[in-house]
1. Extending each Cα 7 Å along its Cβ direction at Ser27 and Trp56, get the distance between those two points in nm, one decimal.
2. Taking 0.36 nm per residue of sequence separation and subtracting the Cα-Cα distance, how much length would be gained by fully extending the chain between Ile3 and Phe109, in nm to one decimal?
3. Taking a threshold of 26 Å on the Cα-Cα distance, which of the pairs Lys57/Lys81; Lys81/Lys213; Lys81/Lys169 fall above it?
4. Assign one of three labels to the chain, namely rounded, prolate or oblate, based on the Cα gyration tensor with a ≥ b ≥ c the square roots of its eigenvalues; rounded applies when a/c is under 1.5, prolate when it is not and a/b is larger than b/c, and oblate otherwise.
Amino acid sequence: MSISVVLLVVISALLHPLRVFLIKGDSTPEGLTLSVVFIFGCMSFFQIVLMGINPWKVFEIWPLIAISSLGLLLHFWCIVKSLRVGDFSVNYPIIRSSPLFVVVAGYLFLNHHYSMEILLGIAIVIISAFMIQYTPGGKFFSKPASLLLAVLAMCFHGIITLADAEAMKYVEPAAFLFIQYLFVTPAMALMFILTRPSGKNIYEYLFLGWKTKPLRFFFAGFTAYISYLLILYSFRMGANVAAVSAIRQISIPFSVLIGGFYLMEKKMNYRLFWSLLLTLGVIIIIVSS
């Protein structure tokens, strides 16, 4: 794996926790999530116009668009619901453990093969990702509904990763994102409307945040778009899917640092130990790719 690809993935990973923190800390997480996908669509549209890209070619790979879009809808829905009922420090590492799904699904269905070194690195990353934000003596299964949602979010993210990596062999990233979010945005709005708590006003539930905190909503969408665009370009440059998914796990130690230095969270020594071990796993993956 080239240094330029590694840099793209690392920058993407550093941007990723910002969106999740903003969703978790917002009084209207569904509205903020909808704003993220809306901004994805707008920014990809401006990009294809500026670059003169024909987006309609994407329909030649419509099965990949359909798989990725459905996975994206369900992934976001599971994230929002799991963060509403469960602890971020337990669910986030599970949600970010998609390399496990990618490796298993790639081996079973896509005839992918991985060296023992890459598998070792991925194993270290996944184990460390769980341990970083796990409190010794705590219970992973104290909230089974939240755990199930987090695991489903992880699986859906793995499906998205595999579909998008395959799609990048044929189309430009911006064109792919534009067509995808052309369908995902209204579908997500409808999904949140249909699953909202009874008595909730649709305007306040999904759109009031644009009026009361527009910068927060825009920042969440902008950073999320840049983060994923970098991932798509890394796939376009031929990066290994499982390796990219694993390297993105460094978003977890970054979130630990944010929690320690800005939120004054405790047990930093314990968490930093697992962060360093995770970094070792990333290095193994980079060297072996």
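No lab work stands behind these numbers, since they all come straight from the coordinates. None of these values were measured; they are calculated from a predicted model. We place every Cβ from the backbone using ideal geometry, glycine too, and count neighbours over all the protein chains shown.
1. 4.6
2. On the way: separation 106, 0.36 × 106 = 38.16 nm, distance 2.94 nm.
Between Ile3 and Phe109, full extension yields an extra 35.2 nm.
3. Over 26 Å Cα-Cα: Lys57/Lys81; Lys81/Lys169.
4. On the way: a/c = 1.59, a/b = 1.06, b/c = 1.50.
Here the chain falls in the oblate category.
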